[in-house]
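Student: Below: one structure in structure tokens.
The values are calculated or read from the model by the stated rules, or taken from the named source; none is laboratory data. Small disclaimer: the values here were computed from a predicted structure and weren't measured. Ideal geometry is used to build each Cβ from the backbone, glycine not excepted, and the neighbour counts take in all protein chains shown.
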Amino acid sequence: MPPCFFILFKPKKIQMFNLSKIHQISLHSRKLVLLGLIAIVLVMDLSIMDSNAKFSRDLSFNSMVTYASPTPWMKKARAMVKGTPMEAMLPYISDREKNTTAFLISVAKKESNWGKHSPKLAGNNCYNYWGYRGHTGNETPSGYTCFSSPEEAIDTVGDRFSNLINDGNFNTPSKMIVWKCGYDCSWDDPAATKKWVKDVNHYYQKFYE
């Protein structure tokens, strides 16, 4: 350990003393050095005590904090979409109710295979994994809405599903066929609508097993 140095002030002159030569200085100067050492030790002790007190408070606070565990349906959603583009959507789906989550996952599987085959605009991902068509001013030439981020996609599409479920009572895959062909599916191929319901229902029911 290198020797410690203290600066003693004298009129018109500053002298530095090596502690290893303390026996060469006067008794008065030794007392000053000793008092300085005591002061340093006291300051260090107070600093350590303050740090320990802050650590204890933080530890006590953290012990009172509880973190919400993923819901059972979010655990199922995570297992299903793991390794697909849809996985990036999960943080924004986590606070959605069970039925909305079930449709977000099952319809995305049917419409885009969880984002593997989805609309793009100028080569960029539109994060539209549900075949959603809304007039936002940012659509593909074929009319699909192009979202700027996964969060915006879930905000818009998740809210649309929630409204259909809670306000329109479209709360089963057979009723949610409106997503595919609107409120009147008479124009659509009956075999295609039947297949849509069957495929969506296959993944939708996994949330209720």
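Student: Say whether the condition of being out of contact with any Lys or Arg (no Cβ under 9 Å at 6 or more places or on another chain) and more than 20 Å from Y208 (Cβ to Cβ) is met by at least one residue in the stretch 90-103.
Tutor: Yes, the stretch 90-103 contains a residue that is out of contact with any Lys or Arg (no Cβ under 9 Å at 6 or more places or on another chain) and more than 20 Å from Y208 (Cβ to Cβ).
Student: Now for a different question. So, in the stretch 180-201, exactly how many residues are touching a residue at least 40 places away in the same chain (Cβ under 8 Å) and either within 29 Å of the chain's Cα centre (by Cα) or not in a helix (DSSP H, G or I) (or both)?
Tutor: Total meeting the criteria: 1.
Student: State yes or no: is F207 closer than 19 Å to E97 by Cβ, in a loop (DSSP other than H, G, I, E, B) and either aromatic (F, W, Y) or not assigned by TED's automatic domain parsing to the domain that holds P91 (or both)?
Tutor: In short, no.
Student: Looking at the stretch 69-97 only, could you name the residues that are at pLDDT 95 or above and not in a helix (DSSP H, G or I)?
Tutor: K82, G83, T84, R96, E97
Student: Look at the stretch 159-181 and say how many of its residues are among the small types (G, A, S) and surrounded by 15 or more Cβ atoms within 10 Å (Cβ to Cβ).
Tutor: Residues in the stretch 159-181 being among the small types (G, A, S) and surrounded by 15 or more Cβ atoms within 10 Å (Cβ to Cβ): 1 in total.
Student: Given T100, T172, which one is among the hydroxyl-bearing types (S, T, Y) and not in a loop (DSSP other than H, G, I, E, B)?
Tutor: Values: T172 fails: not in a loop (DSSP other than H, G, I, E, B).
On inspection, the qualifying residue turns out to be T100.
Student: Then there's this: Quick check on R160: is it at pLDDT 95 or above and outside any helix (DSSP H, G or I)?
Tutor: Judged against the criteria, R160 is not a match.
Student: I'd like to check something: does the stretch 145-158 contain any residue that is exposed (fewer than 12 other Cβ atoms within 10 Å of the Cβ) and either in contact with a Cys (Cβ under 6 Å, 6 or more places away or on another chain) or not polar (S, T, N, Q) (or both)? Explain how you work it out, then say what you get.
Tutor: Narrowing the stretch 145-158 to residues exposed (fewer than 12 other Cβ atoms within 10 Å of the Cβ): none.
No, that holds for no residue.
Student: If you scan the stretch 126-157, which residues turn out to be part of a loop (DSSP other than H, G, I, E, B), touching a strand residue (DSSP E or B) at 6+ places or on another chain (Cβ under 8 Å) and among the hydroxyl-bearing types (S, T, Y)?
Tutor: Answer for the stretch 126-157, where residues must be part of a loop (DSSP other than H, G, I, E, B), touching a strand residue (DSSP E or B) at 6+ places or on another chain (Cβ under 8 Å) and among the hydroxyl-bearing types (S, T, Y): Y132, T136, T140.
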